[in-house]
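The values are calculated or read from the model by the stated rules, or taken from the named source; none is laboratory data. Predicted, not measured: the structure shown is a model, and the values here were computed from it. Quick reminder, even Gly has a Cβ in these numbers, built from the backbone with ideal geometry, and neighbours come from all protein chains shown. For accessibility, only protein heavy atoms count, side chains too; no ligands or nucleic acids. Shrake-Rupley method; radii C 1.70, N 1.55, O 1.52, S 1.80 Å.
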Amino acid sequence: MKKTKVLMLGWEFPPIINGGLGVACLGLSKALSKQVELTLILPKSDPSIALNLVDIIGLNQQERIRIREDFQTNFYEELENVYTLPTTIAPYQTITETQVKTKQVKKSKKQKIVRSEFYKPFELENLYGNDTIQKVIEYATVSADLCMEWDFDVIHCHDWMTMLAGVEIKQRTGKPLVLHVHSLEYDRNQGNTDSWVYQVEKHAMEQADAILPVSNYTGNIAVAHYGINPRKIHSVHNGVEKVIPYKVDKPFPEKIVLFIGRVTHQKGPEYFVEVASKVLQEYPLARFVVAGTGDKLKELIETGAHKHLGLNIHFTGFLSKEKIHDLLAMADVYCMPSVSEPFGLSALEAAQFGVPCVVSKQSGVSEVLMGALKVDFWDVDKMAHYILMLLKDPTFAKTISENAQFDLEYCTWENAAIEIQEVYKKLLA
Amino acid sequence: MRSVTLCFQVHQPFRIKPYTFFDIGKQHSYEDEGHNKLVINRVSDLCYLPTNKILLQLIKKYKGQFRVAFSISGTTIEQFKLYRPDVIDSFIALAKTDCVEFLAETYYHSLSSIFSANTFIEQIEAHRKLIRSTFDYQTEVFRNTELIHNNAIAETIKGLGLKGMITEGIPSLLESQSTNNLFSPAQTSFPIILRNCILSDDIAFRFSDKNWKGYPLTVEKYSSWIDKSLKKNENATIYVDYETFGEHQKKNSGIFTFLRKLPGMLIDTYGIEFMNPSEVIDYHEIHSVYDAHETISWADVEKNLSAWHLNSMQKEAIEKIYSLEPLIRKMQIRKHTEKWNKLQTSDHFYYMSTKGMSDGEVHQYFSPFASPHDAYLHYMNVVADFELEVRKKKLFS
């Protein structure tokens, strides 16, 4: 049988990553490439990363790129003349960024995107920043022109940064468009549907032939808050790269309850601090560790101080993967109180280390990690109760952690790749 | 007779190092030795040695007429002994002139006057002992950390047999009275010298400020202001960070020339004498009551405890370190007591201040940490480790 030829459009990719997106993109590419012919276009690729079976095209690595066709998507003109444009967009913020300011931008009809016959090599320092939108538009125009004479059967995009490109390529070639949704603006922006990014996502999902959210939870958001036809949606849960778990002896007697993630509203860190306060009243021999940074960090540190938890709640700031593993190797409980979590890969990582997990019901990972304790993110009493049970009862903790091991067997990128291929098949049939 | 008292605060804390969660339980030394040594070396070369040299020359030149007082914290003297014994020698040389007074304070430049009465007294005694052994000098006059003061503190100091103390002259407490007099607290009779904050800050903060209407501050101008400020039988106390000379106000600002010329101008032109604090107390009568029913200090615009004890992080840090007191006293382990004392140094809490405006800038200028939150996190990690160390026996038994 002839292999399906997939044109994949990615944004983050190791080692240039900001969050879970790049990790997922790598895991999927690796697994898919065993079954399909895969060409992956990235805004920026590091020469050090090369995959056996994947043709990686980093736009930054290209010599001059010839522009042959006109940009066909008339999507920009459909937008209103005046719209709200964030001056800084960091969809997967890891930096302690001040709040995203918005300003009104007057979109002049006369001002068209400057086009010359030749583009310079695609240059960019960071994947995000003040001009993320400009980068996204350039990525769309350049990659659309680049792939015109290539032979492929299906277009596969990852998140809004590459969706414009996907829509454009579909319009030019008529090939089916698959959108892989790792995260939606509705979630990131606390339910705000007023932004340009939301509009891009909505438009692209409407144009797409298939949408692959990383969980039913995210798929439901696409239906409920973007009005997308549920028949186009096929959720594909993330896998997790196998690690060899190890244990580290703690240099102190207290048990560790761990939070890993960006310290932003979406991840619910303030619920973690509230839970810490409740747990410590009953079980003082515990340390609550917040690993990560974000716009809520300072506020959270002050809340911890205000609640007199200074000696039992610790903030590590951003940590390397190795340090995260060291923490997991010491931890007794992993807690993920996310307000809204498309997936939540870190819970799977914790489970790999045998750490029992308490995860929010408002997460994708709760759909696959059956052997985790689940609780609504706002139900801090129940969350505290579960954590106390895990801290006080080692047998119970062991059972929870062992249950999760069964789930992990199914959480592989290979399984995700199989599901994706089925979607391709349907589209190409 | 009209006089001027010159007092210099010499203080360097044992700053703690960036101390992460991963250090807790493993790393039991908390000080950033490299950074502390660097600061001591820099300030010694820019300020302490050259200024001591100038003062010694002036004392010799004016044959007893020029006099100065120092408050040197215990943590500073310890660091001189560790890193710069030559600075100790230069202070000893000054002490031998009999024109230099050393003031008593808390050894660790702490806030113990507010948060632990017993520790307060112990730290004062430790400091007096240190000054005696280092400079062969018996202290008589007290000044609290950053001039923190209230009526109760004055009572405690009186009880220790000291003969007087120095604190900040706050206009609202003085009402219309001149700061250049000797005062007493409300309930008891005890001599209190007040710092003349205007004349002091003219040098300490405004000397190099080009936007200040007094700029440039010449010796002639400044001496005439002192002259104007002093009525008959009054004494103006000018009390500044010693680091003003060469460190805060750089050499090229002309601060050293200013210092060299000041005594001559005051003595010869205006007939103003120099008097040390203990002499002021001997010579002057108590003029009136200075009723500090609430705690004051010389720090920040508010001149109260808000530089160290305002936001939730500062309050939590202070609460946690002093909560260890019963345990420390019970254990009586010298190593632990010393670490505990060092963690009380007020600077740790000063770095955690989140004040904005010009006060915030001053806090940040002194801080070795990138932000108040960083200062707090590292400090609390240190205290977490220290608490483990202290409790160890109990926990693992």
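Just one of the listed residues (A:Y271, A:Y283) is aromatic (F, W, Y), touching a residue at least 40 places away in the same chain (Cβ under 8 Å) and touching a Leu at 6+ places or on another chain (Cβ under 8 Å), namely A:Y283. Residues in region B:12-39 that are of a type in the set (D, E, K, R) and not in a loop (DSSP other than H, G, I, E, B) were compared, and the one that is farthest from B:M380 (Cα to Cα) is B:K37.
Of the residues A:A350, A:A397, A:A404, the single one that is open to solvent by 10 Å² or more (accessible area, probe 1.4 Å) and in contact (Cβ under 8 Å) with a residue 24 or more places away in the chain is A:A397. Does B:I59 meet the test of being touching a residue at least 12 places away in the same chain (Cβ under 8 Å) and in contact with a Cys (Cβ under 6 Å, 6 or more places away or on another chain)? Against the criterion (touching a residue at least 12 places away in the same chain (Cβ under 8 Å) and in contact with a Cys (Cβ under 6 Å, 6 or more places away or on another chain)), B:I59 qualifies. Is there a residue being free of Cβ contacts under 8 Å to residues at least 12 places away in the same chain, within 12 Å of chain B (Cβ to nearest Cβ), part of a loop (DSSP other than H, G, I, E, B) and open to solvent by 40 Å² or more (accessible area, probe 1.4 Å) anywhere in region A:298-309? The answer is yes; a qualifying residue exists. Please tell me if B:Q314 is within 30 Å of B:Q249 (Cβ to Cβ) and at pLDDT 95 or above. Taking the combined requirement at face value, the residue satisfies it. For region B:63-118, a residue qualifies if it is over 25 Å from B:L147 (Cβ atoms) and of a type in the set (D, E, K, R), and the qualifying residues are B:K63, B:K81, B:R84, B:D86, B:D89, B:K96, B:D98.
Residue count for region B:233-258, restricted to those that are open to solvent by 10 Å² or more (accessible area, probe 1.4 Å) and of a type in the set (S, T, Y): 2. Of the numbered criteria (1) away from chain A (no Cβ under 14 Å); (2) loosely packed, with under 14 Cβ neighbours inside 10 Å; (3) without any contact (Cβ under 8 Å) to a residue 24 or more places away in the chain, the one B:Q364 fails is (2). Of the residues B:Y376, B:Y350, the single one that is open to solvent by 20 Å² or more (accessible area, probe 1.4 Å) and not aliphatic (A, V, I, L, M) is B:Y350. Give the residue, chosen from A:V359, A:V355, that is open to solvent by less than 10 Å² (accessible area, probe 1.4 Å), away from chain B (no Cβ under 12 Å), assigned to a strand (DSSP E or B) and β-branched (V, I, T). None of the other options fit; the residue is A:V359. From the list B:L230, B:L199, the lone residue that is on the phi < 0 side of the Ramachandran plot, open to solvent by less than 30 Å² (accessible area, probe 1.4 Å) and in contact (Cβ under 8 Å) with a residue 40 or more places away in the chain is B:L230.
Scanning for something within 14 Å of chain A (Cβ to nearest Cβ), farther than 30 Å from B:Y222 by Cα and open to solvent by 10 Å² or more (accessible area, probe 1.4 Å), does region B:5-16 turn up at least one residue? No, there is no match, as no residue in region B:5-16 is within 14 Å of chain A (Cβ to nearest Cβ), farther than 30 Å from B:Y222 by Cα and open to solvent by 10 Å² or more (accessible area, probe 1.4 Å). Residues considered: B:A292, B:A384, B:A370, B:A307. Of these, the only one that is farther than 23 Å from B:Y108 by Cα and open to solvent by less than 30 Å² (accessible area, probe 1.4 Å) is B:A292. Take the conditions out of contact with any Asp or Glu (no Cβ under 9 Å at 6 or more places or on another chain), crowded, with 24+ Cβ neighbours inside 10 Å and in the same structural domain as A:L345 (by TED's automatic domain parsing) and apply them to A:V263. Does it pass? No.
Taking the numbered list (1) farther than 26 Å from B:T106 by Cα; (2) at pLDDT 90 or above; (3) surrounded by fewer than 17 Cβ atoms within 10 Å (Cβ to Cβ) in turn, B:G356 passes all entries but (2).
Of all residues in region A:366-383, those being in a loop (DSSP other than H, G, I, E, B) and open to solvent by 20 Å² or more (accessible area, probe 1.4 Å) number 6. Would you confirm, using the coordinates I've provided, whether A:Y386 is more than 25 Å from the chain's Cα centre (by Cα), crowded, with 17+ Cβ neighbours inside 10 Å and hydroxyl-bearing (S, T, Y)? Yes; evaluated as a whole, the condition is true for this residue. Annotation: B:R206 fulfils all but one of (1) open to solvent by 20 Å² or more (accessible area, probe 1.4 Å); (2) under 30 Å from B:Y283 (Cα atoms); (3) within 24 Å of the chain's Cα centre (by Cα); the unmet one is (2).
Among the criteria (1) modelled with pLDDT of 95 or more; (2) among the charged types (D, E, K, R); (3) touching a Ser or Thr at 6+ places or on another chain (Cβ under 8 Å), the one A:D295 does not fulfil is (1). Selection of helices (runs of 4 or more DSSP H) fully inside region B:240-338 by the criterion of at least 2 residues being within 14 Å of another protein chain (Cβ to nearest Cβ) returns B:312-323. Within region A:318-344, the set of residues being open to solvent by less than 20 Å² (accessible area, probe 1.4 Å) and within 9 Å of another protein chain (Cβ to nearest Cβ) comprises A:L327 only.
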